[in-house]
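The values are calculated or read from the model by the stated rules, or taken from the named source; none is laboratory data. What you see is a predicted model; the values in this text were computed from it and never measured. Cβ coordinates were reconstructed from backbone atoms using ideal geometry, including for glycine residues, and neighbour counts include every protein chain displayed. Keep in mind that these areas ignore ligands, DNA and RNA; they rest on the heavy atoms of the full protein, side chains included. Shrake-Rupley method; radii C 1.70, N 1.55, O 1.52, S 1.80 Å.
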Amino acid sequence: MARNNQSSSPATTTKKKRWYSYIGEAYRIAKRSYPALGWYLTATFLLSLTLFAVLGITTGRYIIWSVVGVMTAITLTLFVLTQFVRRASYAQIEGKPGAVGAVLGQIRRGWIVSQEPVRFNPRSQDLVFRAIGRPGVVLITEGPANRVQRLAAEERNSIKRIAPSAPVHIIQVGSEEGQVRIIDLQKALRKLPKQVSHREVAALASRFTAVRNNNIPIPKGIDPTKARASRRAMRG
């Protein structure tokens, strides 16, 4: 019996990842989109060291500036890696159905977002998501501009019937002129003017929940939960 317990314990014990494992994973994610990533990181590290080496030679305080230089070089290199990982994560989901939902799923503070699209076109797979926050109700579209306008207009009319006085904004996500890139979506949401109070945000969300009758399944081939990116990367 003792032998059986000893042999089964290693299989059931989950091995914790070390901090360097996460760095290695982040590096591999970014390198898929940026093959020259290693050169960028090396250049950042060496340039930082060179700058502080010059300061050490100039001031004559070699030890202090050497320590500061190494710490600063490591910090800057990790910062550059984080930015590349963030961009690579967004690039890998950009253009895929449900990418907007994946990005909205990372927003936690100040917004109540729909995890599933509130409007969709089964044929074209164009989607409309809804986010409720201090700016009011924000509709985020996914698809070509000439096709998603109708979906957005239909949802706007529906919102006006439920909450006539609620401010409604529309953000079109895509790569066409006038649209917002997926990587800039959270920034675009932050730029919207705050027009309602926190209490009104909760009231709006409750109203939409109360009248929601759209128990319509997502069309085949669209699964917003599959278009995911690294949470750490997208938070920056």
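Some observations on this one:
- Whole-number accessible area per residue in Å² for segment 53-116, which is evaluated in the context of all protein chains at 1.4 Å: 58 Å²
- Estimated at the nearest 10 Å², the accessible area of ARG86 is 60 Å² with a 1.4 Å probe.
- Over the Cα atoms of segment 34-110, the radius of gyration divided by the Kirkwood radius equals 1.23; this is the Rg/Rh ratio.
- The GluC sites (Glu not before Pro) of segment 154-204 that DSSP puts in a loop, and whose beta carbon has at most 13 other beta carbons within 10 Å, are GLU176, GLU177.
- Per-residue SASA remark: THR44, around 30 Å² accessible (1.4 Å probe; ligands, DNA and RNA not included).
- Restriction of the chymotrypsin sites (Phe, Trp or Tyr not before Pro) in segment 67-161 to DSSP coil positions whose beta-carbon has at most 15 other beta-carbons within 10 angstrom yields no sites.
- Farthest positive-ward along segment 138-206 dipole, Cα basis, beta-carbon charges - from LEU185, ILE140, PRO164: PRO164
- Cα gyration tensor shape of segment 101-168, rounded if a/c is under 1.5, else prolate or oblate by comparing a/b with b/c: oblate
- Solvent-accessible surface (1.4 angstrom probe) belonging to LYS187, in square angstrom, nearest 10: 100 Å²
- Cα centroid separation, segment 89-154 to segment 191-209 (Å): 18 Å
- Applied to segment 87-92, the Karplus parametrisation 6.51 cos²θ - 1.76 cosθ + 1.60 on θ = phi - 60° returns per-residue 3J(HN,Hα) values of 5, 5, 4, 5, 4, 6 Hz, with x for Gly and Pro.
- Ligands, DNA and RNA left out, the accessible area of segment 43-159 computed with a 1.4 Å probe is 61% carbon and sulfur.
- Amide H within-cut-off set for VAL113, under 5 Å, with H built and near neighbours excluded: ILE132
- ARG119 long-range amide H proximity, modeled H, under 5 Å: VAL128
- If you take all other residues with their beta carbon under 13 Å from the beta carbon of LYS191, and give Lys and Arg +1 and Asp and Glu -1, the sum is +3.
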